[in-house]
């Protein structure tokens with residue numbers, strides 16, 4: 001059963017090519033609580049422990065839909081971090097995975113990624 005605030009779970013499952021349940025377990029081991037999102041470092045270090053590295057890509061000066069299309073066309077693996085909201089004085093971000101021309105997002109619309117903040121190229125380190 002899917003949880004709330006699971007964009008990091010969906011992204012991890014897509015990028016690491018593991019099941020949703022496997023990604024959920026990995027993030028729980030890093031401290032993710034049920035129905036709660038995680039900050040980017042949790043996702044970054046989980047990917048690293050699974051043998052992946054995230055390299056920040058230069059900032060795209062394009063509308064978000066054009067950035068996503070560019071990433072889809074490149075056929076690589078990307079993690080897209082979007083500014084989403086401010087809750088209790090803290091910025092809330094949303095992550096979306098793009099792998100092999102497909103978008104993996106817990107949201108069915110693209111409103112959650114209107115303001116793309118960072119894009120990371122994700123690749124195997126050879127150590128995982």
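Derivation of every value follows stated rules applied to the coordinates shown; laboratory data play no part. Because the structure is a prediction, the values reported are computed rather than measured. Because the Cβ atoms are built from the backbone with ideal geometry, glycine has one as well, and the counts that use them run over all protein chains shown.
Please arrange 34, 72 by counting, for each residue, the other beta carbons lying within 10 Å of its beta carbon, fewest first.
In order of increasing Cβ crowding within 10 Å: 34, 72.
Pull out the extension gain between residue 83 and residue 102, defined as 0.36 nm times the separation in residues minus the alpha carbon to alpha carbon distance; nm, one decimal.
Working: separation 19, 0.36 × 19 = 6.84 nm, distance 2.10 nm.
Full-extension gain reported as 4.7 nm.
Calculate the FRET efficiency for residue 33 and residue 72 from the Cβ-Cβ distance with a Förster distance of 35 Å, rounded to the nearest 0.05.
Efficiency computed from Cβ-Cβ geometry: 0.65.
Quick one: if you stick a label point 7 Å off each Cα along the C-beta vector at residue 57 and residue 18, how many nm between them?
2.4 nm
If you take the beta carbon distance between residue 125 and residue 65 as r and set R0 to 30 Å, what does 1/(1 + (r/R0)^6) give as a FRET efficiency, to the nearest 0.05?
0.45
So for the pair residue 49, residue 92, with labels modelled 7 Å out along Cα→Cβ, what separation do we get in nm?
With each label point 7 Å from Cα toward Cβ, the separation is 2.6 nm.
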